[in-house]
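The values are calculated or read from the model by the stated rules, or taken from the named source; none is laboratory data. Keep in mind that what you see is a predicted model, and the values were worked out from it rather than measured. Cβ placement follows ideal geometry from the backbone for every residue including glycine, while neighbour counts extend to all protein chains displayed. Remember, those area values only see protein heavy atoms, side chains included, never the ligands or the DNA or RNA. Shrake-Rupley method; radii C 1.70, N 1.55, O 1.52, S 1.80 Å.
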4 protein chains.
Amino acid sequence: MKNTFGKSITVTIFGESHGSEIGAVLDGLAPGIKIDEEYIASKLSLRRPRGAISTKRTEADRFRIVSGVFNGRTTGTPVCILIPNEDTKSRDYSATRQLARPGHADYTAYCKYHGYEDYRGGGHFSGRITAALVAAGAIGMSVLEKKGIMIGTHIARCAGIPDRAFRNLQQDIRALSESTFAVLDEEAAIQMRAAMEKAAGDGDSVGGILETAVTGLPAGLGEPWFDSMEGLLSHALFSIPAVKGVEFGDGFALSEMNGSTANDSFAMQDGKIVTTTNHNGGINGGITNGMPVIFRCAVKPTPSIYKEQNTVDFMEGTDQKLVIRGRHDPAIVHRARIVADCITALVLCDLLAQRYGTDYLAETAQDDNRTG
Amino acid sequence: MKNTFGKSITVTIFGESHGSEIGAVLDGLAPGIKIDEEYIASKLSLRRPRGAISTKRTEADRFRIVSGVFNGRTTGTPVCILIPNEDTKSRDYSATRQLARPGHADYTAYCKYHGYEDYRGGGHFSGRITAALVAAGAIGMSVLEKKGIMIGTHIARCAGIPDRAFRNLQQDIRALSESTFAVLDEEAAIQMRAAMEKAAGDGDSVGGILETAVTGLPAGLGEPWFDSMEGLLSHALFSIPAVKGVEFGDGFALSEMNGSTANDSFAMQDGKIVTTTNHNGGINGGITNGMPVIFRCAVKPTPSIYKEQNTVDFMEGTDQKLVIRGRHDPAIVHRARIVADCITALVLCDLLAQRYGTDYLAETAQDDNRTG
Amino acid sequence: MKNTFGKSITVTIFGESHGSEIGAVLDGLAPGIKIDEEYIASKLSLRRPRGAISTKRTEADRFRIVSGVFNGRTTGTPVCILIPNEDTKSRDYSATRQLARPGHADYTAYCKYHGYEDYRGGGHFSGRITAALVAAGAIGMSVLEKKGIMIGTHIARCAGIPDRAFRNLQQDIRALSESTFAVLDEEAAIQMRAAMEKAAGDGDSVGGILETAVTGLPAGLGEPWFDSMEGLLSHALFSIPAVKGVEFGDGFALSEMNGSTANDSFAMQDGKIVTTTNHNGGINGGITNGMPVIFRCAVKPTPSIYKEQNTVDFMEGTDQKLVIRGRHDPAIVHRARIVADCITALVLCDLLAQRYGTDYLAETAQDDNRTG
Amino acid sequence: MKNTFGKSITVTIFGESHGSEIGAVLDGLAPGIKIDEEYIASKLSLRRPRGAISTKRTEADRFRIVSGVFNGRTTGTPVCILIPNEDTKSRDYSATRQLARPGHADYTAYCKYHGYEDYRGGGHFSGRITAALVAAGAIGMSVLEKKGIMIGTHIARCAGIPDRAFRNLQQDIRALSESTFAVLDEEAAIQMRAAMEKAAGDGDSVGGILETAVTGLPAGLGEPWFDSMEGLLSHALFSIPAVKGVEFGDGFALSEMNGSTANDSFAMQDGKIVTTTNHNGGINGGITNGMPVIFRCAVKPTPSIYKEQNTVDFMEGTDQKLVIRGRHDPAIVHRARIVADCITALVLCDLLAQRYGTDYLAETAQDDNRTG
């Protein structure tokens, strides 16, 4: 199951940075789900590099659905989505192929694949593959939205600059869904961009923290032990390249609190059971409690920098100096946020289908076109 | 796979706080592994409550291996370990059964299991179940040790008090393996205990941060995407009750760095490829690079406190006041550290068996007793 | 997943013929299912050896449910069932330990487990383990019955003697459920018993064919490709020791027919879509069509016979003669039939839970005892 | 895991009969395996329809490997293979869309997918999808061959005409690998072709039995219970459309034997342990014993026949007459034999990788091109 994730609804990804196409197979979706290609394209566009704060490699991401959709709706059989790699520069990698870029997977790929790995542009390790995850996950997001489940991620922090906290989740998520730079506070956004541009100018890079909120989830989702909501989400979220930490609710800050502060009191509100605080991020004992699910991913600075670095030639076993060339991002938080949304959507769709059955996520439209 | 984890080597757990036994089935272990019951007992004893900083419930943890071991060695077929629950107080739960203890799973269990859950002492959600994980994981630890892979966890922080950082990993891990209170700095240990005792006296509780180091792992373990080392470990680690965050290497601190700082330079050292820093915690692109694997778990304060709390009667839908009685831990970091070790061991055994085959973890002793 | 089967509802088995206990962990069951221990015991009694046609080893099968059941109902968490081995004769195996019993797993176990296997009484390969499958599967059968899904298996053929075909499935299944020798035609039953007794007298053994019918399954269960109803059921059914063939509907006989005969015509009957024949065993394209699901398992004669046989000492690598002693069955079809029922029930419960959600198999009783 | 099979090496299939492409993702292959596209093409050509005994739809099967192969060798990351559908006739299905073709999946697909299924040419149920399995499995076959593991399938029986039994397995398998009509006895081949042509002339169809032999497998492969060699192979083999029975060794014939006949005696031969007969098909207790693994698949006659048939309009719920038009096979055994080979190869590769590690199937060539 190396490149396949999920149980009832699974996603399988494939491809390399410089291959002809990358793609994903999304299996287990209920039949009858309307596929809105514009919606998918709009999510892909949120991942696309823009301006000085991103790589110069730009991809149209003209995806193609080759199976599992008929007359505009899912058939219930596997949906394969292909995205061509268009803007690949076939430059010569031979000069640096044996030099391990610090913070990258060159050396570990070599250890694992014994030198047979496709090293061009990071190969299968490239962040490019996340486009396939976004295409598949966008379908998941659209399905969840129809169930009233909304997902939104903002850059909570970048280069030491904090965004404002979530306030009105519904409004904030809506705002984020339309924003190409997912920061809630405009002033913070300006400062973060400036920090990214400065890092780019310095030949350096910056990281940040992504914070995701999910509203509308029913209580009772997740398992007490191995398949806790935290365990499943973190498993998937660590697939996002550069994520090195995941925390739920107040996360690491909880470790400094007393129980009397950390505990979220329950209360009745409009006949519904709620918690009056949400330090636990909507999850108790691995299971959703009906409050918004909140988590944060720590994203390390992109390892591709233009400064000279010390490294080794891993084939010759010699110390070397490395200067990386090519097209790279001085930060990826602003592009990774939609990947976080989409991976979250895939995990949640899977859990809902497991709990409520494979047809649960289907639409109930009457005006459909089943008989062709 | 709700209570089963792993692929080549799987662990399945079962049991409730007040049932007759809890247990684990460990399947896929190589045949011929010597089972040292004293070693298992010693790991279980590190989990056992002690003194004023733990619950008054004490369990002898007299485990019993009912299958998969013959003449003192694994047979290669499933190992079932049973641990009786001996010190269960059959007190009356009826007064508070309907009241959701804040921070606990009472309400979410009710949502998920519709009231059929065994609510006595937390039922299947009880930290008691981790004893089964420790028993199974102790076998994993002993197997890894023979391969030169050592795992150790210390309380890096508790109630705001920091332990000293890891220094000489081999020595530190050895020291931790013999310590019932896993703190490297003696002064810090005294202060942490004091903070726990104070919390206990206040009817309150404290949390902390567990930091784990793994040495001796080969490079090349883990997968680029879904089954990254971070993804698999975090998935398992979030099974530890109260863990709300997991970070690798410098984790969240990485998000504040520049790439030029965060990148770990490679260098040759005694003919071996190493990194000169370890901000990435021994993992690049989801795959081990041969450096120590380092991660931290955020442990929230135990939710069972003796102060009056606001909550609801989740069956009646009414606001209520709750005062928890019974026997509880004012902190669990000092007990959870061995759970972190053992869960880590299970994940690593599984990955090694997947990569190198099911016999890889077997011993190669000549003086064995195969012919009975 | 060596000893674990299923996705939404999983069963994990463990134990050896001469260990203290064997058992099963059944995970994923809906909460609130009434557990009728007498019903389980009645199914176990159908597996128990009887008279001259079975081994002299008799086991009371006094099972014990150690988790997952509270106040007589499932909690939704793993159900662990233990069955002690009581009648184990600790005879000396050293004389024959190195001799491969023909038709048995002694030699293959040695190849796989390198001599560490528990060889006493077949160890983990022993048919004894099926008692655990029956205990777990009996819960599955009881759940399905409440959904109107009935499973019954008869000995369609033994030692060349055919039973009559299924006629009225509901009645036949009911009759079989109460019969300790599952043959529909009384005369055939007498002849089969006689053949078994004769084989026993000759120090030999006989095999047979088990035919199973499932009624009441909804249409639409199963998948087009890998998880076809045939694929999943056969996967599980080949777990029954001695099963060497599985066929659905007319199975191998279909291979001799023309399409115009083999095709089952559809027709309307009482407003329902039915097929007028059932050559395909209720399955088209891997998916149930609402007709009874019918399949047959070929059971080879039990390999333990008392005649002298040629074999090898697999440790010394020498040709040898072997005379098997001990207690053995001259046939197992009459004991295996309930194993077929129970394994079928587990597969179907899993598929129903996947399709309709984890709560689907729960009961909807009003008079329950949820609040303790 | 609906369209994904395997654990260490997995295959995921997708596509529909009339979509733009079908395909497979093969994940978990060792890095460094030479990909011989001609070899794959040659296996695909064995599946291609020929002459009067096959459908008139002919596909060039010009596959395209879009990922996981670099410089002619596997990289160790997922291999996605795409095969375009070229010869799809976009005829009008509206006249018969609601009529369930007997023996086909139209009605069960409707029950499962609620009418959203792609019904053109059988959609995802089409035998066309097996081309993707063959392309993926051909890679598996080539890998196994280098390990000395050979797989060959012949039409053991068709329309009542038997082929001769396997004799010299190595020679027979070699002969089959080059034969477009996999029958060992030439006279039988002529008669079978005649029977197929007669069936075609009658607007009818015939079935048959495929017999597969695998040589060179090591002893010790497979598991005692759920993942027995028989269970895993049958699970996969029932994916071949029209397979309704699978038996190992003498299979159903074993059920008529006495134990003294059915047991395969062990003997020493040239210092190796062998069995002197192979009634058990090379498998004891679910585990290979080093003898050839032999099994048979019952293939029902193709359900598409030109005779008028009774059926229903499953949307209207009315009785109807149906005459099928279009291009169909009067038999598929001669095309399915390579599918059986390829599916077997995939299962065996997976089992070998699980047992011996992910690098086991890699080649050890020195003259490779790892450094690009």
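Some observations on this one:
- Residues satisfying the stated conditions in segment C:119-132, i.e. over 17 Å from C:Asp329 (Cβ atoms) and either open to solvent by 10 Å² or more (accessible area, probe 1.4 Å) or aliphatic (A, V, I, L, M) (or both): C:Tyr119, C:Arg120, C:Ala132
- Scanning segment A:159-186 for residues that are touching an Asp or Glu at 6+ places or on another chain (Cβ under 7 Å), away from chain B (no Cβ under 14 Å) and surrounded by fewer than 16 Cβ atoms within 10 Å (Cβ to Cβ) yields A:Arg164, A:Asp185.
- Test for D:Gly231: is it open to solvent by less than 10 Å² (accessible area, probe 1.4 Å), facing chain C (nearest Cβ under 7 Å) and either hydrophobic (A, V, I, L, M, F, W, C) or under 23 Å from C:Leu233 (Cβ atoms) (or both): yes
- In segment B:76-94, the residue that is modelled with the lowest pLDDT out of those that are open to solvent by 20 Å² or more (accessible area, probe 1.4 Å) and of a type in the set (Gly, Ala, Ser) is B:Ser90.
- Output for segment D:60-70, where each listed residue is out of contact with any strand residue (DSSP E or B) (no Cβ under 8 Å at 6 or more places or on another chain) and surrounded by fewer than 23 Cβ atoms within 10 Å (Cβ to Cβ): D:Ala60
- Annotation: A:Leu322 fulfils all but one of (1) in contact (Cβ under 8 Å) with a residue 40 or more places away in the chain; (2) among the hydrophobic types (A, V, I, L, M, F, W, C); (3) closer than 30 Å to A:Leu26 by Cα; the unmet one is (3).
- So A:Phe63, is it aromatic (Phe, Trp, Tyr) and either without any contact (Cβ under 8 Å) to a residue 12 or more places away in the chain or facing chain D (nearest Cβ under 7 Å) (or both): no
- Selected residue (criterion: surrounded by the most Cβ atoms within 10 Å (Cβ to Cβ)) from residues of segment C:1-44 that are at the interface with another protein chain (Cβ under 7 Å from one of its Cβ atoms) and among the polar types (S, T, N, Q): C:Thr12
- Among the residues listed as A:Ala219, A:Ala253, the single one being touching a strand residue (DSSP E or B) at 6+ places or on another chain (Cβ under 9 Å), open to solvent by 20 Å² or more (accessible area, probe 1.4 Å) and more than 7 Å from every other protein chain (Cβ to nearest Cβ): A:Ala253
- Put simply, of A:Arg97, A:Arg73, A:Arg57 the only residue that is surrounded by 17 or more Cβ atoms within 10 Å (Cβ to Cβ), away from chain B (no Cβ under 14 Å), touching a Ser or Thr at 6+ places or on another chain (Cβ under 7 Å) and charged (D, E, K, R) is A:Arg97.
- Filtered by the rule that a residue be within 11 Å of chain A (Cβ to nearest Cβ) and in contact (Cβ under 8 Å) with a residue 40 or more places away in the chain, segment D:78-93 gives D:Pro78, D:Val79, D:Cys80, D:Ile81, D:Leu82, D:Ile83, D:Pro84, D:Asn85.
- Applying the set (1) away from chain A (no Cβ under 13 Å); (2) within 27 Å of B:Ala200 (Cβ to Cβ) to B:Tyr119 leaves exactly one unmet item: (1).
- Long-range neighbours under 7 Å by Cβ, at least six apart or interchain, first residue closer than 23 Å to B:Met257 by Cα within segment A:94-119, second open to solvent by 20 Å² or more (accessible area, probe 1.4 Å) and of a type in the set (A, V, I, L, M, F, W, C): A:Ala105/A:Phe125; A:Tyr107/B:Ile273; A:Thr108/B:Ala219
- Among the residues of segment B:239-250, those identified as within 7 Å of another protein chain (Cβ to nearest Cβ), within 26 Å of B:His104 (Cα to Cα) and open to solvent by less than 10 Å² (accessible area, probe 1.4 Å) are B:Ser239, B:Lys244, B:Gly245, B:Val246.
- Filter result (buried (at least 24 other Cβ atoms within 10 Å of the Cβ) and more than 10 Å from every other protein chain (Cβ to nearest Cβ)) within segment A:194-212: A:Met196, A:Thr212
- Residue in segment C:147-154 that is in a helix (DSSP H, G or I) and either of a type in the set (Phe, Trp, Tyr) or open to solvent by less than 10 Å² (accessible area, probe 1.4 Å) (or both) present: no
- Pair list, Cβ < 8 Å and 6+ apart or interchain, from segment A:132-145 residues that are at positive phi and at pLDDT 95 or above to residues that are in a helix (DSSP H, G or I) and crowded, with 24+ Cβ neighbours inside 10 Å: none
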